[in-house]
Amino acid sequence: MSAEGKISATSAARDILRRLHDVMASKAGAQSKLNRVVDIIADGLASEVCSIYLLRDGVLELYATHGLNQSAVHVTRLAVGEGLIGTIAKIREVLNLAEAGAHPDFAYKPETGEERFHSFAGVPIIRRETAIGVVSVQHLEPRDYADVEIEALQTTAMVLAELITASGLVDDLSAERSRDLHPVRITGLKLVEGMGRGQAVFHQPRVIVEHIVAEDTEAERARVYDAFKVMREQIDNMMGQAEFAAPGDHDEILETYKMFAYDEGWSRRINEAIDSGLTAEAAIERVAMKTRSRMRATEDPFFQERLHDLDDLSNRLLRIVAGEMGTSAKRGIKQDMVLLARNLGPAELLEYDKAYLKGVVLEEGSLTAHVTIIARAMGIPLLGRVKDLRTTVIEGDPLLVDGVRGALFVRPSDPVVQQFEEQSALKEKRQAAYAKLRDLDAITTDGVRVSLLMNAGLRSDLDALDVTNADGIGLFRTEFQFLVSATLPRRERQTKLYSAVLDAAGDKPVTFRTVDIGGDKAVPYMIGEEAEENPALGWRAIRLALERGGLMKVQARALIDASANRTLRLMFPMISEPWEFDEARKVVEEQLSRTVANGKPVPKSVKFGAMLEVPALAESLDILLPKIDFLSIGTNDLTQFLFAADRANPKLAERYDWLSISLLRFLKRVVDQAKAAGRPVTICGEMGGRSLEALALLAIGVDRLSITPAAIGPIKAMVRSLALDPLKTEMNTWLGRGTDIRAALTDYAANKGIALG
């Protein structure tokens, strides 16, 4: 929009607000005010129709209209979810349609006389995060409404929320406790596994913006400037505190958070909203509403997560300017709690006392969100995509979070509580038993030593080396640092992380996997390619690294510098042909030569490995094995590639079978060939961390597993209860006969007393 157009739009919005302010200040009755409001909006937007629907007794009732038949007022009613109006109330989102009748949710109401109108736009009227009505406009001619018109409607909706509540036209939701308080089980997305129990605590009741129209624009602007100053000071302080709350893990996350806090474009948009006549609170909320709309419209998951951070900061700024600066973290709650939020910024989670925080439940959230990474590092169970929290849960309700099955139990019944307590007691008993095995080797009853290494990706994971006494780190996922960064991590920053990992490991081996990004692990500074239909099979991992040579060179230098005078174990992901390994190794060796030429110390030795995740590599192992020092098998990707079954698709869960004969035969051939060539083989991935599946791996000759720290105790207990040679004989028979491996292995374990956890 041109500068002149912006001035015109701002003037129009200011004029609408001024006229609405006059209506609000008048002594007319509520119905009369609403009648005047629809006239003002219709006139201000040059619209043939403007209508207001209010939620009364659970139904959306046409309460005022300009342009539709007046006889339909208080007659036309729509259920939430019915028609376009009901859909807006249900999804709490804007609809902007050039041809209303073409929308699948369109519901024709003949008494309104709306059949003449084609275009339609509507926005929800929100109060305490619930839609209490809808305001809409219609035109005779088909057309899309401009952004400025939609913003004017949204601003009007904010004013209407204030008017409607003050007039008592709808409940202020204060009667929410009249709801049926029976036990409820809600399902969600498992983001961080675990179980937790505590009282419901909402992270923050969203500030209710009570005053919309500004009396003094400059005074409102000054309030916003002051609030920005306070917020930025808070963010700077939190960055200092984060090192104590979760040492060293999330510098990149908080840097991104700080970047948004200092974004001048954000403050400029708020100022423009104030120029239109809004109060500071209303302007912040107005810009935040637009941000949320963009967040939900974008298809880029990484961009969505960054917008979540910006939305989190909007809420923080709103609380500051409204004088409600404290979140629940400031209340000093000293009892077990489960934190509830629509979404949660990374810094805000770090404000809570880990001693009392037993779980987090989000209405949104994803596996790649910053808050998920932090919760995992803190060991806090986390559920996402749990809908309608505020309409189901009341502050203080007892909650159980089952992050294993992906369920939230609200006001749980006595049997559910008893089951939870039994599971918790059993878990504690098992953990105590596993702890006693810490200093014992994983040796079978017939004397076979099994190496149990752990997977890691964050600095906080390193504490588990001491807790579990794992034999080392068999897989350090270096991409985590790249995924949480807004820009390509500098070499110095990478070196610092890799040095810390090696220092923590001491004499124990660490295997670094070079960066596996791209595909479904998109990062903004690598954007530029078209979206891929099958990202897991696409431009990622070693393919991306070889094409973007600078990326791999920088990481190689960082790993070399961090490993000075130590052993560097380095493996390349997603190798599908031996030449890819050759090219990747060449990059590292060139950086080694450069380091030597510069007179800097280098690793005392470098061990090169490859990850077998692409099945094609198995057909050229005779070429690859003489070139490598070790082989790692990534069972997560390998299995989905072997079965052509997306591991994230629940409909294909039965086809993604780690105990299928096809997979076990494949793995056995690879293991046998590698051992014949004198190359150690390590299984990485979830398969090795499950007792029954790990038992199958041992039976086909695997003796090195790299698994999650939590799985080391159970797997060690299983290994120490097992005689391996007889099992290998049985497995060879089963594989030859095409036996149901899962059933046979389960029966065998039960009969032989093998501990499966």
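No other residue among E583, E613, E577 is in contact with a helix residue (DSSP H, G or I) (Cβ under 9 Å, 6 or more places away or on another chain), of a type in the set (D, E) and open to solvent by less than 30 Å² (accessible area, probe 1.4 Å) apart from E613. Of all residues in the stretch 452-459, one or more are assigned to a helix (DSSP H, G or I) and touching a residue at least 12 places away in the same chain (Cβ under 8 Å).
Quick one: in the stretch 271-293, of everything that is of a type in the set (S, T, N, Q) and modelled with pLDDT under 85, which residue is most open to solvent (accessible area, probe 1.4 Å)? The qualifying residue most open to solvent (accessible area, probe 1.4 Å) is S293. The condition of being open to solvent by 30 Å² or more (accessible area, probe 1.4 Å), modelled with pLDDT of 90 or more, of a type in the set (D, E) and out of contact with any Lys or Arg (no Cβ under 9 Å at 6 or more places or on another chain) holds for only one of D57, D105, that being D105.
Those strands (runs of 3 or more DSSP E) of the stretch 629-737 in which 3 or more residues are hydrophobic (A, V, I, L, M, F, W, C) occupy 630-634, 681-684.
Checking each residue in the stretch 317-352 for being open to solvent by less than 20 Å² (accessible area, probe 1.4 Å), of a type outside the set (A, V, I, L, M, F, W, C) and modelled with pLDDT of 80 or more picks out R319, Y352.
For the stretch 406-448, residues that are basic (K, R), on the phi < 0 side of the Ramachandran plot and surrounded by 12 or more Cβ atoms within 10 Å (Cβ to Cβ) total 3. You will find that of I88, I52, the residue that is touching a residue at least 40 places away in the same chain (Cβ under 8 Å) and within 29 Å of I394 (Cα to Cα) is I88 and no other. From the list L697, L722, the lone residue that is of a type in the set (A, V, I, L, M), under 23 Å from R477 (Cα atoms) and at pLDDT 95 or above is L697.
The values are calculated or read from the model by the stated rules, or taken from the named source; none is laboratory data. The model shown is predicted, which means the values in this text are computed figures rather than measured ones. Cβ: placed from backbone, ideal geometry, glycine included. Neighbour counts: every protein chain shown. Heads up: the accessible areas ignore ligands, DNA and RNA and are worked out on the full protein's heavy atoms, side chains in. Shrake-Rupley method; radii C 1.70, N 1.55, O 1.52, S 1.80 Å.
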